[in-house]
Structures are given as C-alpha cells and as structure tokens.
Amino acid sequence: MAIETRRRTVTVQGVEVPKLGYGTWLLQGEAAYEGVLDALALGYRHIDTARTYGNERDIGRALADTDVPREEIWLTTKVWREDAASEDLRRVFAQQLRDLRVDYVDLLLLHWPAEAPLAETLGTMNDLHEQGLAQRIGVSNFPSSLLLQALELAPIFANQIEFHPYLPQGPVMHVCLEHDLLLDAYSPLAHGLVHTDPVLTTIGVRHGASSAQVGLRWLLDQPHVAALPKASTHEHRIENLDVFDLELTDEERGQIASLSYIGRRTADPPWAPVWD
Ligand code: NAP
C-alpha cells in the first residue's frame, strides 16, 4: 500500500516540504536500512537523521537501493554540537554526505546549541549552503531568543524542536510564523506516550483513528509544521502516514491543546539551553 503524500506539503520560504517525515533516531543497521526503504515505498518523502544516530551509512544504502528518485526525497541531517567548530564541521559533514551517498542534503541543522561561537558555526553552514551541499540550513533545540540570534547571523530555514500535545511551543511558533520558518516537530508522539492518552483515544474512537493518528493530525493542522514520527514497525509506519483524511473539529483541537498543561518534555539533556 502506497499512500499519496507528495502533495501533502507545507510551504516555507516558497519551498514545499513534505509535512510528514520519517524519524530515524534509535534505528541502526538493518532496522534503519529496512525502515527507510519501507517508509519510501509506503510514500514517505521526508527522512530525518543526524550524525549521532549512527545510521547515516544504513540510510545511504537505503537511498541507493530505493526506486524513489533522489529529487523526490527531502533529506535532513544534523551537525553534532561537538563538531560545530568550522574545521570539524566541514570534515564531518563531508563524511556525512559520503555515508548518505548523496551530493547534497535538503536541510542541515545544528543539532543543539554548541560551545563553538554560533556565528562561526552558522557561517560555515552558510558556506556549505552556498556551495549547494546543504540546500537549506537551520537549527534544532533553539528556544525563541536563541532562534532570533541565529536569524541575525544566517539564512535560517527551520528550527527542529520537541512538539506534541503535552508540550506547547508558543514562543518558537510565534518566531517561525513571523520569519517564515519551518517548525520541524520532533518526538511528535511524545516518544510513544500519546499512544495511551485517554483524551486522544476518545477522540480517535469517534473517527475510527488511533490516538497516535489524532496527535499527529493535531500537529499537522498547525501552520509551518512538519512532524517526524519514528516507527520501527511497518504497521506503525502505515498508521502514522495515514492521517491526511482525518478531520478534527475545532472543539477536538481545543481539547488536545488543553493537554499542554501536562508540560512533558522528553528530551532535556545536560547541555540543553534554557527553554522558553
Ligand atoms: P516519537 O516519534 O514521538 O515516538 C516514537 C515511539 O512511538 C516509538 O516507541 C514507536 O514505537 C512509537 N510509535 C510510533 N508510531 C506509533 C503508533 N502509530 N502507535 C503507537 N506507538 C507508535 O519519538 P522520537 O523517536 O523521540 O522522535 C521522532 C524523531 O524525531 C526521531 O526519530 C528523530 O528523527 C527526531 N528527533 C530529533 C531530536 C533533536 O534533538 N533534534 C530529538 C529527538 C528526536 P516503534 O518504534 O515500536 O514503532
């Protein structure tokens, strides 16, 4: 079963980005290879990886073996915070391209705020952008104040942040709307927690949908948002892609937004910035 997703895009800075991506954190080896091959065959056209996921070689194999042409795939990868100084960044990114077996990535993100000066990192990323090796550049895990600083330094396209019904992202959303940026929602299923949520489950029963589908639909209904659910099983990959016919009512959207009082953040490592 292939689900038509090509037209399911969000337009940012005049560029169409497939709204539903396939997240690959914690998938390695054959699981990453098979997962990406299967996702592409199902209709996903947006793949999210990072140097630290340790799967760029596996994804590179899948990109080489799929029938889907490279130009139809939106490929995002990330620079690790410890590789953010200029020379390291250039060297590691060159290896990332080799591992992914591509000539360019669609989006290159700084994974987390780093110790290297932001101007240096973004300046180098912008060089890679100007060379056509990174079609667009952006940041990840940047709260609104840091995002505004980044915007002063380079042509930022996206901020990838944790976003799901338990974690409101009002200030970052505000900056994204104001500056025409992609809000790339990671852990959109709250790392699996939404699966058993009673409010999402009740809404889902009404529509013949799962709680995960309801949570994803709620995210994708918001402007400038793409979502990146990770799934290691074929069934979950199908389920997560099959959300475009689901229509939530305003009342249901309001009920889901009210879950944000839970304030649950799943990624908060010691190097995290001060959040909004
Ligand atoms: P997630 O997508 O929110 O949740 C993944 C979990 O949900 C897995 O346990 C998965 O199980 C389960 N799941 C998936 N589909 C389901 C369904 N339909 N029903 C029930 N359970 C389902 O979590 P995530 O991996 O943390 O985030 C997604 C992606 O965001 C990552 O893979 C990565 O690409 C990106 N990310 C980026 C950052 C960053 O710092 N920029 C941080 C975290 C994540 P199975 O695996 O068993 O299918």
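The values are calculated or read from the model by the stated rules, or taken from the named source; none is laboratory data. Please read these numbers as outputs of a predicted model, since none were measured by experiment. Here the Cβ positions follow ideal geometry from the backbone for every residue, glycine too, while neighbour counts run over all protein chains shown. Ligands, DNA and RNA are stripped out before the accessible areas are found, and what is left, the full protein with its side chains, is counted by its heavy atoms. Shrake-Rupley method; radii C 1.70, N 1.55, O 1.52, S 1.80 Å.
When you count the other C-beta atoms within 10 angstrom of each residue and take the mean per peptide, 149-158, 125-134 line up highest first as 149-158, 125-134.
On a 0 to 90° scale, report how tilted helix 144-153 is relative to the longest principal axis of the chain, with both axes built from alpha carbons and the result rounded to the nearest 10. Around 40 degrees separate the two axes. Relative to the dominant Cα principal axis of the chain, helix 211-220 is inclined by about 60°. By its C-alpha gyration tensor, with a ≥ b ≥ c as the square roots of the eigenvalues, how is the chain shaped: rounded for a/c under 1.5, else prolate for a/b larger than b/c, else oblate? Oblate, because a/c is 1.5 or more while a/b does not exceed b/c.
Please find, in a Gaussian network model of the chain (springs between Cα atoms separated by less than 10 Å), the residue of TYR22, TYR53, TYR261 whose mean-square fluctuation is greatest. Evaluated over the chain, the most mobile residue of the options is TYR261.
Taking label points 7 Å from Cα along the Cα-to-Cβ direction, ARG265 and GLU30 give a separation of 3.9 nm. What is the stretch 237-276 by shape, rounded, prolate or oblate, if you read a ≥ b ≥ c off the alpha carbon gyration tensor as root eigenvalues and call it rounded for a/c under 1.5, prolate for a/b larger than b/c, and oblate otherwise? Since a/c reaches 1.5 but b/c is at least a/b, the shape of the stretch 237-276 is classed as oblate. Computed with a 1.4 Å probe over protein heavy atoms only, the accessible surface of the chain comes to 43 Å² per residue. In the elastic network of the chain, a GNM with C-alpha springs shorter than 10 Å, the most mobile of PRO171, PRO69, PRO223 is PRO69.
What a 1.4 Å probe finds exposed on the chain is 49% carbon and sulfur by accessible area, rounded to a whole percent. Rounded to the nearest 10 degrees, the angle from helix 29-42 to the longest Cα principal axis of the chain is 60 degrees.
With an 8 Å cut-off on Cα pairs and a minimum separation of 6 or more residues, tell me the relative contact order of the stretch 15-262 in percent. Once divided by the residue count of the stretch 15-262, the mean separation gives 18 percent.
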